[in-house]
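> I have a structure I would like to understand better, so I am pasting it below and will then ask my questions one at a time.
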């Protein structure tokens with residue numbers, strides 16, 4: 001399992017420098033193989049989650065930093081920070097922060 005995670009991380013770093021359908025399919029498919037029904041479980045707790053938010057959660061799950069996420073998403077580092085903050089509030093409610101989202105996703 002650890003080697004599959006390393007493979008995904010290397011694939012992201014080498015193969016893509018932008019957000020596209022091929023990358024998104026690859027990402028969600030492999031995350032769901034490693035972490036069974038990860039995206040389905042996220043949709044179950046937050047039915048209104050957008051595809052871009054799912055992709056952000058997948059990148060969070062494999063432990064990418066915001067700087068590394070920049071290479072995979074069409075957002076700047078500050079855009080990623082804001083997206084993580086908004087998503088934390090959507091999933092966890094209240095005054096949740098990006099750090100809270102990270103902890104939740106890693107354990108989820």
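> When 26, 38 are ordered from fewest to most other Cβ atoms inside 10 Å of their Cβ, what list results? Don't skip to the end; give the middle numbers.
Numbers: 26 16, 38 19.
Arranged by neighbour count, lowest to highest, 26, 38 become 26, 38.
> Ranking 22, 84, 41 by Cβ neighbours within 10 Å, fewest first, what do you get?
On the way: 22 9, 84 26, 41 13.
In order of increasing Cβ crowding within 10 Å: 22, 41, 84.
> Separate question: Treat each spin label as a single point 7 Å out from the Cα along the C-beta direction, and report the residue 41 to residue 3 distance in nm.
Spacing of the two 7 Å Cα→Cβ label points: 2.5 nm.
> Only helical DSSP H runs with n ≥ 4 go in: add -39500 (n - 2.57) per run for the chain, normalise by residue count and round the 222 nm mean residue ellipticity to 500 deg cm²/dmol.
That comes out to -22500 deg cm²/dmol.
> Right, another one. So, in nm, how far is label residue 33 from label residue 51 when the simple model puts each one 7 Å beyond its Cα toward the Cβ?
Taking the two extended label points, one gets 2.1 nm.
> Give me the distance in nm between label points sitting 7 Å out from Cα along the Cα-to-Cβ direction at residue 104 and residue 68, one decimal.
2.2 nm
> If you don't mind, there's one more thing I want to ask. From Cα pairs below 8 angstrom and at least 6 apart in sequence, can you work out the relative contact order of the chain, rounded to a whole percent? Mind showing how you got there, number by number?
Values: 85 pairs, mean separation 28.2, N = 108.
For the chain, the relative contact order is 26 percent.
Every number in this text was worked out from the coordinates using simple rules, so none of it is lab data. Keep in mind that what you see is a predicted model, and the values were worked out from it rather than measured. Cβ coordinates were reconstructed from backbone atoms using ideal geometry, including for glycine residues, and neighbour counts include every protein chain displayed.
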